[in-house]
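S.K.: Sharing a structure below in structure tokens format, with a few things to ask.
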Amino acid sequence: MSRPLLQHPDRLLPAEPSVRAIARRLYQSVSALPILSPHGHTDPAWFATNANWSNPTELLLAPDHYLFRMLYSQGVPLEDLGVASRSGPGSVDPQTAWRTFAAHFHLFRGTPSAMWLNHTFATVFGLDVTLSSKTADYYYERISADLATAEFRPRALFERFGIELLATTEGPTDSLEHHEAIRDSGWKGRVVSAYRPDSVIDAEHECFAAALRRFGELTREDVYTWDGYLQAHAKRRQDFIAVGTTSSDHGHPTARTANLAHREAEALFMRIVSGDFTADQAELFRAQMLTEMARLSLDDGLVMQIHPGSFRNHNRELFDTHGRDKGADMPTRTEYVQALKPLLDAFGNNPRLSLIVFTLDESTYARELAPLAGHYPCLKLGPAWWFHDSPEGIRRFREQVTETAGFYNTVGFNDDTRAFLSIPARHDVARRVDCGFLARLVAEHRLDEEEAAEVAAELAYRLAKRAYRL
Amino acid sequence: MSRPLLQHPDRLLPAEPSVRAIARRLYQSVSALPILSPHGHTDPAWFATNANWSNPTELLLAPDHYLFRMLYSQGVPLEDLGVASRSGPGSVDPQTAWRTFAAHFHLFRGTPSAMWLNHTFATVFGLDVTLSSKTADYYYERISADLATAEFRPRALFERFGIELLATTEGPTDSLEHHEAIRDSGWKGRVVSAYRPDSVIDAEHECFAAALRRFGELTREDVYTWDGYLQAHAKRRQDFIAVGTTSSDHGHPTARTANLAHREAEALFMRIVSGDFTADQAELFRAQMLTEMARLSLDDGLVMQIHPGSFRNHNRELFDTHGRDKGADMPTRTEYVQALKPLLDAFGNNPRLSLIVFTLDESTYARELAPLAGHYPCLKLGPAWWFHDSPEGIRRFREQVTETAGFYNTVGFNDDTRAFLSIPARHDVARRVDCGFLARLVAEHRLDEEEAAEVAAELAYRLAKRAYRL
Amino acid sequence: MSRPLLQHPDRLLPAEPSVRAIARRLYQSVSALPILSPHGHTDPAWFATNANWSNPTELLLAPDHYLFRMLYSQGVPLEDLGVASRSGPGSVDPQTAWRTFAAHFHLFRGTPSAMWLNHTFATVFGLDVTLSSKTADYYYERISADLATAEFRPRALFERFGIELLATTEGPTDSLEHHEAIRDSGWKGRVVSAYRPDSVIDAEHECFAAALRRFGELTREDVYTWDGYLQAHAKRRQDFIAVGTTSSDHGHPTARTANLAHREAEALFMRIVSGDFTADQAELFRAQMLTEMARLSLDDGLVMQIHPGSFRNHNRELFDTHGRDKGADMPTRTEYVQALKPLLDAFGNNPRLSLIVFTLDESTYARELAPLAGHYPCLKLGPAWWFHDSPEGIRRFREQVTETAGFYNTVGFNDDTRAFLSIPARHDVARRVDCGFLARLVAEHRLDEEEAAEVAAELAYRLAKRAYRL
């Protein structure tokens, strides 16, 4: 039960000794590089206020849908884990919730969550036994005690983690007050935002009407006219740029784009704001807006990200009782070759546009995304995403993408997390798996080790820096 | 030509010595566990009558579409292999058929069929040379002689194989006489059935009208009314439960489910029984019936299995001359996220429902099935199925499912076979491949060996026991 | 920068020493077998005229869309690489273009293009330093000097490469003059054609009307009647057979087939030649023509190949300025089980038909193609194609196809290239990767080494010879 918690120095490196030796050398050359986190969902208030976190349930468990969904799948009610519902924050005692979590920790065997957590437990909190029912209280008390100290406040950890830049994600109706506070605080940590306008683009979002109204108030534009609406986006993008933002991000159900004539786009927009539209029209409007965002990017230089293919809030009952982001988002089959064509027809050959595309549908890696990225000057591929941000997932990404797109049409690693403490663990996993992949190429004499070392540094640091214009 | 037939003790374990050593230890800890076969298609008459089989063609070749389809693909007529057609059983001399099979055995190189057969030849019949034209008669005579003995009668082999439970599959119009005979025989072997009502649910099945009539006779319900029809299912499920059944099984073209209001469902049913319906209506009725079956499961506790995505009887001419199950069923692209939503909206959060989903479309493992199973309390994933029940297929299943669903949302192994003698071989392959996968995780320091051993026993035995409520 | 250019004897073989030792033995047994290249796109004029090539840009870079697309994706204009546009051949100085290529050679790290080129540089030209900006001129001059000699003329290289047979691909409006010249030249090299009638079948092709007119002139048939049109195909196939052709090839957007009644087919054809047709009708006509071609194959014995699923000329602007084959063809999701059924219903059980199917959608390997090929007597699977003709791609093909289709329903390797000098490199990669796959099966005791050696020779040589009736 109380097995020692070990972080083996060779973890995740291929087992074959000659390949492992190469992988170890490659990994050692990149393991200490600074962390660039150009896309994620941490809370900027942490870095603005720099307040202490209170306990491991609040910090590690309750906000992390990667974790509580697994216990939920085995019949544990979310209420028992301290997860907030629409009626308010979880009422369970946080230490009780932590014990429930600990008692089910075996469910994570073989998952990246187990690796990230163990890395966090061992390297951030110095814990040396594994988490289990028996050690649950020990963990809870040790972590809570640490969190009460100055060394474990958000900014201190940011620095200790070697983060060079961290991007959060905010919507166009966000005040950006935390980012302004960070910027004006004198703290030298770089925490920037990304412009994610889904709430004012997705007319099927439950808050669309309210978000649009707020969008108009913040920008003082008439967002109920097509030109005013576009102008409002241009203005808000400038606000984001003023707090260091270098990218926009778009989380749509599909990758569909459209490039309507101005008059048609305007007519569609009027339909959308009227509230009287079909599902097809809502989809077409989202498609049109991707092309509009690309157009704005050519003006203001924001790098554009598309994260398509998630069926959000699949569990109707859970959505009704608990709201969004409760581990019930499901990947769907996603098409890119037809979907991106209108946008690519408009701007695909312009190397000044930087469009980073992600997928939850791995069958598109070799079939659609690598061929597209291996041709279009504007296009790059984001790393293995969400369910696929895992040792096997990252390996499949490299195996299926590299031969057609090469390494240089990819953009390094994104942690894409709301779990701040997992950031070093996630980057470490990616660096190890990438180095393992490179080591195999070297061992099979497909790449010189010298070249592999150069590529390893690109994947760990330099590609992200260039692709996100950091 | 007469190469020795060897069953290497390390077969299927990874080649790298340190990984193999771990895999060997894990495998040794589970290799002797009893066999649970909770889903398959063996003939219960074998165990009811316990009659001797007569020769290898009748036992091993003629009923096994995995085998004769491969020879057929290379131009060998089914008639030459003793396969029955609509005009009756094959008329070829069984020994001649066996020689034809032996002369083509090289076609199976690299396939699981070769591994299963060689395992059977070596461990069941003690043969020590490989099958070829030169040894065909030797094989035929040795196997025929063995089959004539008491030690090779069905119940004796069942016991020798260490089978703790074997489920066959019967339809709602089956008399269950063999299962009743087994139950009442005093033999301690557990052979149970599974309730597979496709013939009275799939209105496009060529025997639907006849099956429905027989369904009414057996249950004494008016199966031409919606409520009577549902009541007939409830009754027959009780009949199956009385012979030890713990699961139902549903082999539909797609995974589509529906949850119509009672009035709508009733109107649809009346259309179906009228015989005047469209393909869409037949599909909608199958979809509705999956939800009805889930509802019944919540009453009577049967575990529910869905096996979707096979295009049955693809070869029209062969179907006309030879009928069903002649190696001409083809997998199709299968969608789950949209398809299962109506059923999941109704019962997805109920942990009392146990719904085991299978696929022939491996692209859904990481994209749809693992995320669904890693969230919904009612949902578990069946093992790699049919064409994918193979060393590479099982490995891909674990590599693509584990990181999101974990091990505990899977249900261990199903052999799903009509080839009784292959059952130990199939379970052995699965145990070896699973232990090889676990050994890699251990060698890459992603799992302790102690944990891996615990998981190995879950995969080999305990998960099936729990998931199928055995 | 000037790293030595090494071709390690064990390149591409698995790293684990015991597996590598097996792979090395298998590879040595097949490495010197003659090359059969039954499908490709080299220029027959090279072998008819046997004229010297002039420089590496003209020979290696400008015609090879695998290469220039990668530089284009990173913002290098095609003009800088000597690629022809619609306004004529590239005007850049070829040595300058070569320097640009050399300066970007790192983009190919981890790609098969890098392996093929390095193999060509080392084994054809004896170069011993890697290509880079620093060595660009050295390369250019060394290669140009070699190309000016008799030993580097097309026929000399053909013989040096050990090519037993090379098939090019021509359309029905081709004069076949180069093939006739080769046949009548007394040279013993076998260079044959393949009949690719897309230009007179795809009514959406920009040259359809002109091609159809020329088709009528060449065949002296009334190609504006259905029967005359079919007769014209039959005649031209005979012309191709007269220059050694053994196969036809069909590059359609999808794998769809149809088998209309004669009257319906005729009506559809009249619609097509009228020029007044819908996209659906054009697709249906292509579908119908696949079945017609199968019918003709049963008469004249040509092996039939289908290469479906490429979205041609995806980049509209580039197509307008530079025309076809500029690296902008994109794979699409492709369906086979429904699509091939009409053709298979007509001829699927006839072992005299040899139908070789390819895919750009790897998700169909295990799901659709292996089950189809493992059943239908007429069907075989072409090797990993285009974007998937790579070490990882070939490995995935074997891993996903073999267990259901076996080795004997595949057809060996196709290089499918317009890059003549890459042919030995491509076959060498395929032989190495196939031997690596076989070695793993041997090391895991799934195949005897003796059997593996037999299979290796089938994959490298004999399967192609039989499948293409060479």
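S.K.: Residues in the stretch A:177-221 that are under 22 Å from the mean Cα position of the chain (by Cα), surrounded by 21 or more Cβ atoms within 10 Å (Cβ to Cβ) and under 24 Å from A:I306 (Cβ atoms): how many?
M.R.: Looking only at that region, the number is 11.
S.K.: Further, regarding this structure: Limited to the stretch B:445-470, what total is found for residues that are part of a helix (DSSP H, G or I) and either more than 26 Å from the chain's Cα centre (by Cα) or farther than 13 Å from A:G110 by Cβ (or both)? Reasoning before the result, please.
M.R.: So in the stretch B:445-470, the residues part of a helix (DSSP H, G or I) come out as B:449-467.
After this cut, where a residue has to be either more than 26 Å from the chain's Cα centre (by Cα) or farther than 13 Å from A:G110 by Cβ (or both) as well, the list is B:449-453, B:457, B:460-467.
The qualifying residues number 14.
S.K.: Regarding B:R352, is this residue without any contact (Cβ under 8 Å) to a residue 24 or more places away in the chain, outside any helix (DSSP H, G or I), surrounded by fewer than 21 Cβ atoms within 10 Å (Cβ to Cβ) and charged (D, E, K, R)?
M.R.: When the stated conditions are applied, B:R352 does not pass them.
S.K.: Still on this structure, I have one more. Taking A:W46 and the conditions (1) under 19 Å from A:F121 (Cβ atoms); (2) crowded, with 16+ Cβ neighbours inside 10 Å; (3) away from every other protein chain (no Cβ under 14 Å), which numbered condition does it fall short on, given that it satisfies the others?
M.R.: Condition not satisfied by A:W46: (1).
S.K.: Now for a different question. For the stretch A:448-462, how many residues are facing another protein chain (nearest Cβ under 7 Å) and buried (at least 24 other Cβ atoms within 10 Å of the Cβ)?
M.R.: 1
S.K.: Right, here's the next one. Output the residue which, of all residues in the stretch B:342-375 that are within 7 Å of chain A (Cβ to nearest Cβ) and out of contact with any strand residue (DSSP E or B) (no Cβ under 9 Å at 6 or more places or on another chain), is modelled with the lowest pLDDT.
M.R.: Per the stated criteria, the residue is B:P351.
S.K.: Take the stretch B:49-58 and flag every residue that is surrounded by fewer than 20 Cβ atoms within 10 Å (Cβ to Cβ) and either outside any helix (DSSP H, G or I) or among the hydrophobic types (A, V, I, L, M, F, W, C) (or both).
M.R.: Correct list: B:N50, B:A51, B:N52, B:S54.
S.K.: Now for a different question. In the stretch B:1-20, how many residues are aliphatic (A, V, I, L, M) and either surrounded by fewer than 14 Cβ atoms within 10 Å (Cβ to Cβ) or within 18 Å of B:G412 (Cβ to Cβ) (or both)?
M.R.: Going through the stretch B:1-20 one residue at a time, the tally reaches 3.
S.K.: Search the stretch B:90-121 for residues being polar (S, T, N, Q) and assigned to a loop (DSSP other than H, G, I, E, B), and hand back the single one that is nearest to the other protein chains (Cβ to nearest Cβ). Step through it out loud before you land on a result.
M.R.: Pass one, the stretch B:90-121, residues polar (S, T, N, Q): B:91, B:95-96, B:100, B:111, B:113, B:118, B:120.
Subsequent filtering for residues that are assigned to a loop (DSSP other than H, G, I, E, B) retains B:91, B:111.
Numbers: B:S91: 20, B:T111: 5 Å.
So, considering only residues that are polar (S, T, N, Q) and assigned to a loop (DSSP other than H, G, I, E, B), the one nearest to the other protein chains (Cβ to nearest Cβ) is B:T111.
S.K.: Also, quick follow-up: Pick out the one residue from B:P56, B:P44 that is at pLDDT 95 or above, in contact with a helix residue (DSSP H, G or I) (Cβ under 8 Å, 6 or more places away or on another chain) and assigned by TED's automatic domain parsing to the domain that holds B:Q305.
M.R.: Details: B:P56 fails: assigned by TED's automatic domain parsing to the domain that holds B:Q305.
Going through B:P56, B:P44 in turn, just one is at pLDDT 95 or above, in contact with a helix residue (DSSP H, G or I) (Cβ under 8 Å, 6 or more places away or on another chain) and assigned by TED's automatic domain parsing to the domain that holds B:Q305: B:P44.
S.K.: Any idea how many residues of the stretch B:394-428 are in contact (Cβ under 8 Å) with a residue 40 or more places away in the chain and either closer than 24 Å to B:L59 by Cα or not in a loop (DSSP other than H, G, I, E, B) (or both)?
M.R.: Quick first cut of the stretch B:394-428, residues in contact (Cβ under 8 Å) with a residue 40 or more places away in the chain only: B:394-395, B:407-408, B:410-428.
Imposing the further condition that a residue be either closer than 24 Å to B:L59 by Cα or not in a loop (DSSP other than H, G, I, E, B) (or both) reduces the set to B:394-395, B:410, B:413-428.
Of the residues in the stretch B:394-428, 19 are in contact (Cβ under 8 Å) with a residue 40 or more places away in the chain and either closer than 24 Å to B:L59 by Cα or not in a loop (DSSP other than H, G, I, E, B) (or both).
S.K.: Consider only pairs whose beta carbons are under 9 Å apart and that are at least six residues apart or on different chains; among these, list those whose first residue lies in the stretch B:261-284 and is assigned to a loop (DSSP other than H, G, I, E, B) and whose second residue is at pLDDT 95 or above and among the small types (G, A, S).
M.R.: Pairs found: B:G275/B:A203; B:G275/B:A209; B:F277/B:A203.
S.K.: Pairs only if they're at least six apart or on different chains, beta carbon under 7 angstrom, first in the stretch A:366-378 and under 24 Å from A:R295 (Cβ atoms), second among the aromatic types (F, W, Y); list them, first residue then second.
M.R.: A:E368/A:Y336; A:L369/A:Y336; A:L372/A:Y336; A:H375/C:Y72; A:P377/C:Y72; A:C378/A:F347
S.K.: Could you check, for the stretch A:435-444, whether at least one of its residues is free of Cβ contacts under 8 Å to residues at least 24 places away in the same chain, within 14 Å of chain C (Cβ to nearest Cβ) and assigned to a loop (DSSP other than H, G, I, E, B)?
M.R.: There is at least one residue in the stretch A:435-444 that is free of Cβ contacts under 8 Å to residues at least 24 places away in the same chain, within 14 Å of chain C (Cβ to nearest Cβ) and assigned to a loop (DSSP other than H, G, I, E, B).
S.K.: Would you mind finding the one in B:V337, B:V273 that is of a type in the set (V, I, T) and within 14 Å of chain A (Cβ to nearest Cβ)?
M.R.: The conditions single out B:V337.
S.K.: Inspect the stretch A:166-175 for any residue being surrounded by fewer than 15 Cβ atoms within 10 Å (Cβ to Cβ) and more than 22 Å from the chain's Cα centre (by Cα) and give the result as yes or no.
M.R.: For the stretch A:166-175, residues surrounded by fewer than 15 Cβ atoms within 10 Å (Cβ to Cβ) and more than 22 Å from the chain's Cα centre (by Cα): absent.
S.K.: Right, here's the next one. Looking only at the stretch A:315-332, which residues are part of a loop (DSSP other than H, G, I, E, B) and either among the acidic types (D, E) or at the interface with another protein chain (Cβ under 7 Å from one of its Cβ atoms) (or both)?
M.R.: Matches in the stretch A:315-332: A:N315, A:D325, A:G327, A:A328, A:D329, A:T332.
S.K.: Looking at this structure, is B:Y66 modelled with pLDDT of 95 or more, touching a helix residue (DSSP H, G or I) at 6+ places or on another chain (Cβ under 8 Å) and either buried (at least 16 other Cβ atoms within 10 Å of the Cβ) or part of a helix (DSSP H, G or I) (or both)?
M.R.: Here the answer is no, as B:Y66 does not meet what is asked.
S.K.: Something else about it: Any residue in the stretch C:82-89 that is in the same structural domain as C:I143 (by TED's automatic domain parsing), at pLDDT 95 or above and not in a loop (DSSP other than H, G, I, E, B)?
M.R.: no
S.K.: If you don't mind, there's one more thing I want to ask. Which residue out of C:A265, C:A232, C:A261 is loosely packed, with under 15 Cβ neighbours inside 10 Å and modelled with pLDDT of 95 or more?
M.R.: Exactly one residue qualifies, and that residue is C:A261.
S.K.: What number of residues in the stretch A:394-422 are touching a Phe, Trp or Tyr at 6+ places or on another chain (Cβ under 6 Å) and more than 14 Å from every other protein chain (Cβ to nearest Cβ)?
M.R.: Residues in the stretch A:394-422 being touching a Phe, Trp or Tyr at 6+ places or on another chain (Cβ under 6 Å) and more than 14 Å from every other protein chain (Cβ to nearest Cβ): 1 in total.
S.K.: Could you tell me whether the stretch A:376-393 includes any residue that is at the interface with chain C (Cβ under 10 Å from one of its Cβ atoms) and over 22 Å from the mean Cα position of the chain (by Cα)?
M.R.: yes
S.K.: Something else: Just a yes or no: is a residue in the stretch B:238-254 hydrophobic (A, V, I, L, M, F, W, C), within 24 Å of B:I356 (Cβ to Cβ) and surrounded by fewer than 17 Cβ atoms within 10 Å (Cβ to Cβ)?
M.R.: Scanning the stretch B:238-254 turns up at least one residue that is hydrophobic (A, V, I, L, M, F, W, C), within 24 Å of B:I356 (Cβ to Cβ) and surrounded by fewer than 17 Cβ atoms within 10 Å (Cβ to Cβ).
S.K.: Which condition breaks for A:L131 when tested against (1) away from chain B (no Cβ under 12 Å); (2) out of contact with any helix residue (DSSP H, G or I) (no Cβ under 6 Å at 6 or more places or on another chain); (3) surrounded by 15 or more Cβ atoms within 10 Å (Cβ to Cβ)?
M.R.: Of (1) away from chain B (no Cβ under 12 Å); (2) out of contact with any helix residue (DSSP H, G or I) (no Cβ under 6 Å at 6 or more places or on another chain); (3) surrounded by 15 or more Cβ atoms within 10 Å (Cβ to Cβ), only one is false for A:L131: (2).
The values are calculated or read from the model by the stated rules, or taken from the named source; none is laboratory data. Since this is a predicted model, take the numbers as computed values, not measurements. Neighbour counts run over all protein chains shown; Cβ positions are idealised from the backbone, glycine included.
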